[in-house]
Amino acid sequence: MTADSGAAVELRAALVRMRRATGLPVAFGGLIEESRGLRIGELSGASTTALQGLAVAPGSGLGGKAHALARACAVTDYSTSRHISHEYDVAVAAEGLRSVLAVPVVVRRRVRGILYGALRTAHPLGERTLDAAVAAARDVEQALVVRDEARALISAAHAPEAGHGAWEQVREAHASLRALAPRVVDPELRAELLAVVGRLAGASTPFPERAVRLAPREVDVLACVASGATNTAAADRLGLRPETVKGYLRSAMRKLGAHTRLEAVVAARRAGILP
């Protein structure tokens, strides 16, 4: 599975959720690529392939309007609406769509995709329907943020800045990658993250003193502790309760034969568990 196909999986899942939450029979959408712009790449509930691969320019049609304005837009009857241009009427009519909404996927103030939902009748789309569609777009936004963070961290981990403080950068990257990995849905990207995590962990200790087996969450907690995080901060970072973090930390300390947080971090580094 490639990075692009992983993003497509996220988009496809969001369209299914949007249909379920809104009751709209048809949903479709696409992500914006630098070289190709916006193309409709995913269909859910469609009865034809008329919309598949359709290129949508900013400002053109309903989706192009949502792209240009960076906000949700809707029309009650697509073919007769005076509020949009009509470059895509043939494809929309071939699918039999009338009432249509378009919601932009916006990440860091940049539109990264468009989600559409539609009825085959001319019926006003209410606020609850629009809110549910916006919620689906927010899900895609969060998934793209996670993917962007993962890629940036992988790049930083492969090429840490040289000089004083380089190891602190490596250790911070290691902690960030471990915290991020469970949130990555794409299995190929997650595997790449974990491979980099393993490389960073063994970078400072090519010959570990002894073999120690820690559970993944125990390592996650130790990585946060090593970066200076409190139990509360580690809990926020990992999506856990502070009491759960304490439990993982106590278990890791016991396995490492450590009596303090600092001793646990030092022992984990000697064992090649942390960088």
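Each value in this text was obtained by applying a stated rule to the coordinates, not by laboratory testing. No experiment lies behind these values; they were computed from the predicted model shown. Don't worry about glycine lacking a Cβ; one is built from the backbone with ideal geometry, like all the others, and counts go over all protein chains shown.
Key figures
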| item | result |
| --- | --- |
| Extension gain, R109 back to S79 (0.36 nm per residue minus Cα-Cα distance, nm) | 7.8 nm |
| Cα point-scatterer Debye curve for the range 3-143, base-10 log of I(q)/I(0) at q = 0.12, 0.20, 0.21 Å⁻¹ | -0.39, -1.21, -1.36 |
| Relative packing of 19-28, 110-119, which averages over residues the other C-beta atoms within 10 Å, highest first | 110-119, 19-28 |
| Theoretical gain in end-to-end length, S47 to T232 [0.36 nm per residue, Cα-Cα removed] | 61.6 nm |
| Segment R20-R151, length gained on full extension (0.36 nm per residue, minus Cα span) | 44.0 nm |
| Spin-label zone in the range 210-229 - amide nitrogen under 15 Å from a point set 7 Å from the Cα of L194 along the C-beta vector | 214-220 |
| Modelled FRET efficiency - R0 41 Å, R241 with A70, Cβ distances, 0.05 increments | 0.65 |
| Selected from A133, A264, A94 as most flexible by GNM, with the chain as the system and alpha-carbon contacts under 10 Å | A94 |
| Answer label, with semi-axes √(5λ) of the Cα gyration tensor in Å calculated from the coordinates and candidates (1) 24, 22, 19; (2) 48, 18, 14; (3) 26, 24, 19 | (2) |
| Helical mean residue ellipticity (222 nm; -39500 (n - 2.57) per DSSP H run of 4+; nearest 500) of the chain | -17000 deg cm²/dmol |
| Where only alpha carbons of the range 51-124 are counted, the Rg and the Dmax (Å) | 11.6, 35 |
